[in-house]
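Bear in mind that the values in this text are calculations on the coordinates, not laboratory data. Keep in mind it's a predicted model, so treat the numbers as computed, not measured. Counting neighbours? That spans all protein chains shown, and the Cβs are built from the backbone with ideal geometry, glycine included.
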Amino acid sequence: MILIADGGSTKTSWCLLTPNGQETLFETEGYHPFFVGSDYINESLENNMPEGVKEKKHRVERIFFYSAGGGYSSETDGILIEGIGSFFPSAQITIETDLLAAARALLGDREGFAAVLGTGTNSCIYDGKNVIANIESLGFLLGDEGSGSYIGKKLIGDYIREVMPDLVKHTFFHTFQLTGVELLNKVYEHPIANRYCASFAKFAGKHLQEADYYYDLVYNSFQDFFRNIVIRYPYYREYSFNCVGSVAYYFREILERIVREYGMKLGNIEKDAMNGLIAYHATKYLSI
């Protein structure tokens, strides 16, 4: 049997797939190797893996782990392999990028444009087998335009600088009960700051219809994603826009508007990559 994992910064979606096509779906927290170590991963799996999967862990032959931080270096991939391998000692582990997961899930064996808009951001041109072009998102500290963490950072910044409309500021304080100074300290002291900042994107989504501020915040974040990343791909208008991720999914109406404004055709927008990855791997690795 094989195990497929779609690992973002906030959560990891898993599917245990047997040779007869039986699927066991579950979730754990995210394991971005830039922010967590192998011991943390192993402990988290020990504490959060479903009992039914724990009972079968020695029978897992291959693991395809698609990671938001995978594929950057042997060092960061090693963190994932060591952490996961300690829990699944019999498995051959393949680490791939979340970008390849998105491309395989959205496009299968077809060429095209694929993106991730979740806690972080990524994008690529895919030739049906491999990622052949990728404009670096620069990650949480320097980029990730359009992502949950990017939207959250802009929201937090506006609150601390007191440039929010009064009604928005009141709602924000009533919800989180934090002064600007307290919030600033929380961001810089948080062990997984990207995930913490991304959590504030949910606040924007919840109140989206209450004030133009929220809509403009998300719209401008997506504008930055297109302006700084998408339009840098040569001939980008020749591709349809395909994307996975919770931010793309829940703010789909705004994203569709941006896609049209930049002259791209709208393709598939999915909340996550798992269904597409199951179909991809079932076809290639299992006899069903």
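To check you understand DSSP bridge types, tell me what percent of the beta bridges within the range 1-152 (both residues inside) are antiparallel, rounded to 5.
On the way: 21 of 33 bridges.
Counting only bridges with both partners in the range 1-152, antiparallel ones make up about 65 percent.
Rounded to whole Å and sorted largest first, what semi-axes of the equivalent ellipsoid does the C-alpha gyration tensor of the chain yield via the square root of 5 times each eigenvalue?
Details: eigenvalues 212, 116, 49 Å².
Taking √(5λ) for each Cα gyration eigenvalue gives 33, 24, 16 Å.
Find out how many positive minus negative residues lie around S44, taking Lys and Arg as positive, Asp and Glu as negative, among other residues whose Cβ is under 14 Å from that of S44. Walk me through the numbers on the way to the answer.
On the way: positive: K11, K54, R195; negative: E27, E29, D39, E43, E46, E82.
Its environment carries a net charge of -3.
Grab every C-alpha pair in the range 15-71, bin the distances at 5 angstrom width from 0 up to the longest one, and report whole percents.
Binned Cα distances yield the sequence 4, 15, 25, 27, 18, 10, 2, 0.
Let me have the 222 nm mean residue ellipticity of the chain computed from DSSP H runs of 4+ only, each contributing -39500 (n - 2.57), with the sum over all residues rounded to the nearest 500.
On the way: 13 runs with 136 residues, N = 288.
-14000 deg cm²/dmol, from helical runs alone.
To the nearest 10 degrees, how steeply does helix 193-206 sit against the main Cα axis of the chain, on a 0 to 90 scale?
Between helix and principal axis, roughly 60 degrees.
Using a 10 Å Cβ count of at most 11 others and DSSP loop calls, identify the longest part of the chain lacking such trypsin sites (Lys or Arg not before Pro).
Excluding the exposed sites themselves, the longest stretch runs over 130-288.
Scan the range 167-240 for GluC sites (Glu not before Pro) in coil per DSSP, keeping those whose Cβ has at most 15 other Cβ atoms within 10 Å, and list them by number.
Listed in order of number, the matching sites are E210.
Which GluC sites (Glu not before Pro) in the range 98-181 sit in a loop by DSSP (not H, G, I, E or B) and have at most 16 other Cβ atoms within 10 Å of their own Cβ? Please report the intermediate quantities before stating the final value.
Working: sites: E111, E136, E145, E162; in loops: E111, E136, E145, E162.
Qualifying residues, ordered by number: E111, E136, E162.
Which value, in debye to the nearest 20, describes the size of the charge dipole of the chain about its Cα centre when Lys and Arg Cβ atoms bear +1, Asp and Glu Cβ atoms bear -1, and nothing else is charged?
On the way: 26 positive and 36 negative charges, 102 e Å.
Approximately 500 debye in magnitude.
Any of K11/K154; K57/K129; K129/K202; K11/K56; K206/K271 with alpha carbons more than 27 Å apart? Name them for me.
Values: K11/K154 22 Å; K57/K129 29 Å; K129/K202 34 Å; K11/K56 22 Å; K206/K271 17 Å.
Distance filter (> 27 Å) returns K57/K129; K129/K202.
Could you list D166, D272 so that the one with the fewest beta carbons within 10 Å of its beta carbon is first and the one with the most is last?
Listing D166, D272 from fewest to most nearby Cβ atoms yields D166, D272.
Local charge sum around D6 (other residues, Cβ-Cβ under 15 Å, Lys/Arg +1, Asp/Glu -1)?
Working: positive: K11, R104, K271; negative: E23, E27, E29, E96, D98, E270, D272.
Neighbour charge sum, excluding D6 itself: -4.
Running a GNM on the chain with Cα contacts under 10 Å, which residue among V36, V181, V247 ends up with the highest mean-square fluctuation?
Most flexible of the set in this elastic network: V181.
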